[in-house]
1. Working only within segment A:283-292, note down all residues that are farther than 21 Å from A:Arg338 by Cα and facing chain B (nearest Cβ under 7 Å).
2. Looking at A:Ala259, A:Ala263 in this structure, which one is surrounded by fewer than 21 Cβ atoms within 10 Å (Cβ to Cβ), farther than 27 Å from A:His340 by Cβ and within 22 Å of the chain's Cα centre (by Cα)?
3. Can you list residue pairs whose Cβ atoms sit under 6 Å apart, with the first residue in segment B:194-209 being within 18 Å of B:Ala307 (Cα to Cα) and the second being of a type in the set (Asp, Glu)? Count only pairs 6 or more apart in sequence or on different chains.
4. I'd like to check something: does segment B:319-326 contain any residue that is over 25 Å from B:Ser178 (Cα atoms), crowded, with 18+ Cβ neighbours inside 10 Å and within 8 Å of chain A (Cβ to nearest Cβ)?
5. Please identify the pairs in which a residue from segment A:130-154 that is farther than 17 Å from A:Ile344 by Cα has its Cβ atom under 6 Å from the Cβ atom of a residue that is open to solvent by 20 Å² or more (accessible area, probe 1.4 Å), counting only partners at least 6 apart or on another chain.
6. I need the full set of residues from segment A:293-315 which are more than 7 Å from chain B (Cβ to nearest Cβ), crowded, with 17+ Cβ neighbours inside 10 Å and free of Cβ contacts under 8 Å to residues at least 60 places away in the same chain, in order please.
7. So which pairs qualify, if the first residue must be in segment A:43-57 and farther than 12 Å from A:Leu17 by Cβ, the second must be outside any loop (DSSP other than H, G, I, E, B) and open to solvent by 40 Å² or more (accessible area, probe 1.4 Å), the Cβ gap must be under 8 Å, and the two must be at least 6 apart or on different chains?
8. Sort out which residues of segment B:95-131 are polar (S, T, N, Q) and within 12 Å of B:Thr73 (Cβ to Cβ), and write them in order of number.
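The values are calculated or read from the model by the stated rules, or taken from the named source; none is laboratory data. Remember, predicted model here, so these are calculated numbers, not experimental data. Cβ coordinates were reconstructed from backbone atoms using ideal geometry, including for glycine residues, and neighbour counts include every protein chain displayed. These area figures cover heavy atoms from the full protein model, side chains too; ligands, DNA and RNA do not enter into them. Shrake-Rupley method; radii C 1.70, N 1.55, O 1.52, S 1.80 Å.
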There are 2 protein chains.
Amino acid sequence: MNFSDAERAAMEQALQLARRGVRGANPLVGAVILDPSGDVLATGFHRGAGTAHAEADALASAAAAGIDVDGATMVVTLEPCNHTGRTGPCSQAILRSGIARVVYAAADTNEDAAGGAAALTAGGVEAGGGLLADESRKLNSRWAAAMAGRRPFVTVKTAQTLDGRTAAADGTSQWITSPEARADAQDLRRRVDAVLAGTGTIQADNPRLTARNPDGSTAEKQPLRAVMGHTPVPAEAAVRGTDGRFVQIRTHDPAVVLAELYAHGVRHVMVEGGGTVAGAFLRAGLADELVAYTAPALLGAGTAAFAGLGIASMARIQRWRWDPAGGGSAVPVGPDLRLHLEPIPFEEPE
Amino acid sequence: MNFSDAERAAMEQALQLARRGVRGANPLVGAVILDPSGDVLATGFHRGAGTAHAEADALASAAAAGIDVDGATMVVTLEPCNHTGRTGPCSQAILRSGIARVVYAAADTNEDAAGGAAALTAGGVEAGGGLLADESRKLNSRWAAAMAGRRPFVTVKTAQTLDGRTAAADGTSQWITSPEARADAQDLRRRVDAVLAGTGTIQADNPRLTARNPDGSTAEKQPLRAVMGHTPVPAEAAVRGTDGRFVQIRTHDPAVVLAELYAHGVRHVMVEGGGTVAGAFLRAGLADELVAYTAPALLGAGTAAFAGLGIASMARIQRWRWDPAGGGSAVPVGPDLRLHLEPIPFEEPE
């Protein structure tokens with residue numbers, strides 16, 4: 001398939017739009033609808049699991065503005081999906097819309113969702129991919145690697161002081177970060193399929209690990225509450241709850257935890273602590289993003305946010321990079337700062 | 001003195017301009033020049049020690065634009081100075097300019113610089129203060145407290161990982177932060193009167209502590225190189241240099257160090273490490289700002305950026321707040337982030 005200059009420009013815009021989304025179990029995707037002369041009619045992007053896909057978002061945006069997309073071209077950074085997940089298949093929505101042509105960047109390698117281009121072609125829509133495919137894949141390389149490895153995407157979350165402490169020397173930690181930061185973290189919990197903590201955190205803090213709404217009520221969609229480690233979780237521990245959505249995985253190996261969570265249907269897990277559990281995922285290279293709520297506060301001693309990385313010397317330092325997705329790499333949340341990082345490949349020193 | 005609505009609005013603008021400056025031995029000051037009908041002719045602010053004062057900056061800006069300020073009103077957040085320091089007295093520059101009226105917020109309490117309003121009045125310029133004086137004083141309260149206490153303003157600088165480490169477990173630390181961040185830190189060194197390190201840092205890293213230009217050459221203005229602690233500094237230590245601008249202060253008490261530095265004429269000192277020295281200043285409440293160059297990297301172990309704060313429990317956590325002065329509270333510098341904080345008063349728990 002040949003692509004016009006307007007389609008190339010639209011794909012670049014769609015890639016920028018994609019970056020406004022939220023990393024997680026679903027990929028970052030952006031979409032731009034062009035009229036036959038190459039002018040932009042509408043745009044959309046995917047805001048995260050459970051929300052409209054980018055194509056549906058762009059179509060809704062056009063509909064809301066009363067714009068007719070009959071005969072238009074949909075430019076989208078990922079092959080439209082062909083399955084009914086939490087939202088309907090995009091291929092069908094595109095066929096219904098009157099869109100005449102679909103240009104996508106990367107093919108969808110998720111076996112559940114693939115086949116969208118074929119469905120479009122079968123429905124009489126011209127569909128072809130490969131335009132800026134590398135750029136699109138780069139956006140979602142960690143997500144693709146997780147899916148290819150049949151494991152959940154892993155978000156590691158900390159709530160720490162500027163000097164990297166998650167609790168004071170006596171174990172107290174309420175509250176390092178502000179109510180605003182804790183509410184923001186609840187937004188993350190409502191978005192993931194599972195939250196994970198170690199038995200040490202369960203013993204020390206007895207957290208519920210439920211997802212709550214901004215008003216404090218229990219959210220409708222609850223993540224699976226997973227605890228890793230061998231220490232028995234007491235019968236009266238809050239994390240057990242009463243809804244049956246609790247599991248203890250008796251291992252210290254993050255890979256084993258992820259395999260079991262994947263088997264439970266979990267595609268996105270948030271590691272909530274403590275530092276030993278977070279460190280185990282980081283050391284194993286199994287952390288796909290890092291969200292560090294950082295309070296402008298100092299403790300000078302106490303629990304470290306990351307332990308057991310096994311790094312003795314600078315040559316082995318773990319380098320990450322700031323990730324602008326999900327709202328930005330350094331975003332004020334109340335009096336705190338939400339820092340967002342993605343890993344860069346670790347290069348073994350020569 | 002009565003103030004017009006235009007003057008009040010101009011003072012609010014001047015306060016905003018002031019915040020664009022750099023904290024340090026000189027206060028944050030902004031200035032706005034109004035024509036007799038209350039329209040803004042020019043604005044200025046103070047960019048830090050050794051650069052033009054806000055009034056001079058505004059006058060230069062007007063001159064550069066070919067704007068006549070004869071008969072105009074100068075609205076400035078601090079009483080114009082009356083002494084020749086690194087720059088000439090603002091009172092004289094204002095008298096020469098033809099400005100007819102000067103409205104300031106706070107009086108200058110620096111005994112060396114005070115008397116500007118009287119000089120202006122004697123020169124035939126209407127001058128009066130007190131407009132939004134509290135807001136202006138709040139901008140510079142730490143600076144004013146330092147000067148009132150006859151001690152230097154203290155900047156504590158760290159170069160750390162996201163998890164608050166300044167060196168790996170084996171003591172290696174080159175380089176946690178990027179060349180860009182280290183060049184940015186050299187900008188700070190060129191601005192201060194002294195840099196301070198502990199004897200431990202001297203032994204571990206043998207730093208020169210000189211100020212370098214962006215091209216790596218030695219800067220013309222060199223800060224005093226101060227070392228605190230009892231361990232003798234070896235004759236061959238790089239910090240001694242050959243220019244005589246080296247001093248060792250044999251104490252662990254930050255207050256004693258500051259008194260001695262003040263006696264040496266130091267009005268702004270940057271504490272460069274290590275964590276024990278930084279912690280001593282923080283614990284004593286003698287840190288006026290914190291600049292944390294933070295690399296998106298993790299070590300999981302090693303030297304803590306702040307030690308010996310004496311905090312055992314959350315009730316004693318040191319709360320700071322992000323400081324937007326000096327370019328911003330979270331500024332990307334190369335691949336790193338420069339975080340800028342100012343203290344908020346510590347409230348003793350009941």
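1. Matches in segment A:283-292: none.
2. Numbers: A:Ala259 fails: farther than 27 Å from A:His340 by Cβ.
Exactly one residue qualifies, and that residue is A:Ala263.
3. B:Ala197/B:Glu272
4. yes
5. From segment A:130-154, the pairs are A:Leu131/A:Phe3; A:Met147/A:Asn110; A:Arg150/A:Tyr262; A:Arg151/A:Tyr262; A:Pro152/A:Tyr262; A:Pro152/A:Arg267.
6. Here is the first cut: in segment A:293-315, the residues more than 7 Å from chain B (Cβ to nearest Cβ) are A:293-295, A:302-303, A:310, A:315.
Keeping just the survivors that are crowded, with 17+ Cβ neighbours inside 10 Å gives A:293-295, A:302-303.
Selection gives nothing.
7. Partner pairs satisfying both residue conditions: A:Gly48/A:Arg191; A:Ala49/A:Arg191; A:Gly50/A:Arg191; A:Ala52/A:Ala60.
8. As a first pass, look at segment B:95-131 and keep what is polar (S, T, N, Q): B:97, B:109-110, B:121.
If the condition is that a residue be polar (S, T, N, Q) and within 12 Å of B:Thr73 (Cβ to Cβ), then B:Ser97 is the only one that fits.
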